[in-house]
Amino acid sequence: SQTIHQWPATLVQPVGSPLSLECTVEGTSNPNLYWYRQAAGRGLQLLFYSVGIGQISSEVPQNLSASRPQDRQFILSSKKLLLSDSGFYLCAWVSGRGPPELFFGEGSRLTVL
Amino acid sequence: QQQVKQSPQSLIVQKGGISIINCAYENTAFDYFPWYQQFPGKGPALLIAIRPDVSEKKEGRFTISFNKSAKQFSLHIMDSQPGDSATYFCAADAGGTSYGKLTFGQGTILTVHP
């Protein structure tokens, strides 16, 4: 069966520090991968998506970047965090075939102080 | 045009009651409408989904009603239980080059009192 892992689960970082959130998917190959952000009391906003290794599309201009160094690995990064980067970051995957059923990871809660 | 508007923001029902959450959209290219359930501190999980070629889909106590002409869809939770207390999100997907890029509603916090 397919599983998705995100880490770290919780992160507290000072303003201006770098960020790296990792996501890996097991049990599937060539998935579409997504990073969403959920601000407190808000819906989910798509940040990045990837249809293959090295292929990244950004949905909103921001302080963050994403990379996909391997088929089942998706990384969210920042060189210098802002207060507004605080939120709950969710990685998700879909097989790319059939209905677009997104499967989400457990999320990474980032607090920027 | 990409928005999905969800209401109410919060909902309180008694155990055994019916919970109803509504969503509306503008983009007629949307062709897949899932609902997600999210418990505190967890990622959302797919609950039920519908395509616009049917007006209703039922899975256990959960039913989606879809009105294509009105561009509205709703989630009905029958016999609501305290374990259903969670945040519910409707979403929409336009397929094609937008495959998997779900547009989410703002969420509804459901509380079911025992």
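Nothing in this text is a laboratory measurement; each read-out follows from the coordinates by a stated rule. Small disclaimer: the values here were computed from a predicted structure and weren't measured. We place every Cβ from the backbone using ideal geometry, glycine too, and count neighbours over all the protein chains shown.
Given the stretch B:21-98 reduced to its alpha-carbon atoms as identical point scatterers, what log10 I(q)/I(0) does the Debye formula return at q = 0.15, 0.23 Å⁻¹?
Here the Debye-derived log intensity ratios amount to -0.52, -1.10.
Below 8 Å, C-alpha to C-alpha, sequence gap of six or more: please give me the relative contact order for chain B in percent. Walk me through the numbers before you get to the answer.
Values: 290 pairs, mean separation 41.7, N = 114.
Once normalised by length, the contact order is 37 percent.
Please work out the FRET efficiency for the pair A:Thr3 and B:Asn27, using the Cβ-Cβ distance as r and a Förster radius of 45 Å; give the result to the nearest 0.05. Could you put the intermediate results ahead of the total?
On the way: r = 32 Å, r/R0 = 0.72.
After rounding, the FRET efficiency stands at 0.90.
With +1 assigned to the C-beta of every Lys and Arg and -1 to the C-beta of every Asp and Glu, and no other charges, what is the dipole magnitude of chain A about the Cα centre in debye, to the nearest 20?
Rounded to the nearest 20 debye, it is 220 debye.
How many Cβ atoms of partner chains, on average, are near each residue of A:107-113 if near means within 10 Å of its Cβ?
The per-residue average across the peptide is 1.
Local charge sum around B:Asp84 (other residues, Cβ-Cβ under 12 Å, Lys/Arg +1, Asp/Glu -1)?
On the way: positive: B:Lys15, B:Arg61; negative: B:Asp79.
Around B:Asp84, the charge tally is +1.
Just to be sure I understand: with springs between alpha-carbon atoms less than 10 Å apart, which residue in B:Ser80, B:Ser19, B:Ser55 has the highest mean-square fluctuation in the Gaussian network model of chain B?
Judging by the Gaussian network model, the answer is B:Ser55.
At a Förster radius of 22 Å, what calculated FRET efficiency corresponds to the Cβ-Cβ distance of B:His113 and B:His76, to the nearest 0.05?
Numbers: r = 18 Å, r/R0 = 0.83.
The computed FRET efficiency comes out at 0.75.
Show which aspartates and glutamates lie in cross-link reach of B:Lys101 when reach means a straight Cα distance below 15 angstrom and same-chain residues fewer than eight apart are skipped.
A:Glu59, A:Glu101, B:Asp31, B:Asp93
Which lysines have a Cα lying under 16 Å from the Cα of B:Lys5, excluding residues fewer than 8 positions away in the same chain?
B:Lys68, B:Lys71
Gap in Å between the Cα centre of the stretch B:86-104 and the Cα centre of the stretch A:1-31?
Value for the Cα centre distance between the two parts: 21 Å.
Could you identify which residue out of A:Ala66, A:Ala39, A:Ala92 has the top mean-square fluctuation in a GNM of chain A using Cα springs shorter than 10 Å?
Fluctuation is largest for A:Ala39.
Using a cut-off of under 20 Å, list every residue of the stretch A:15-41 whose amide N is near the label point 7 Å from the Cα of B:Thr97 along the Cα-to-beta-carbon line.
In the stretch A:15-41, the label zone of B:Thr97 (backbone N under 20 Å from the point 7 Å along Cα→Cβ) covers A:32-35.
Figure the gain on full extension for A:Asn63 and A:Thr111 (residue separation times 0.36 nm, minus the Cα-Cα span) and round it to one decimal in nm.
Values: separation 48, 0.36 × 48 = 17.28 nm, distance 1.50 nm.
Result for the pair: 15.8 nm of gain on full extension.
Contact order normalised by length for the stretch A:1-77, with contacts defined as Cα pairs under 8 Å and 6 or more residues apart; what percent is it? Before the final figure, lay out the partial values.
Numbers: 131 pairs, mean separation 22.4, N = 77.
It comes to 29 percent, rounded to a whole number.
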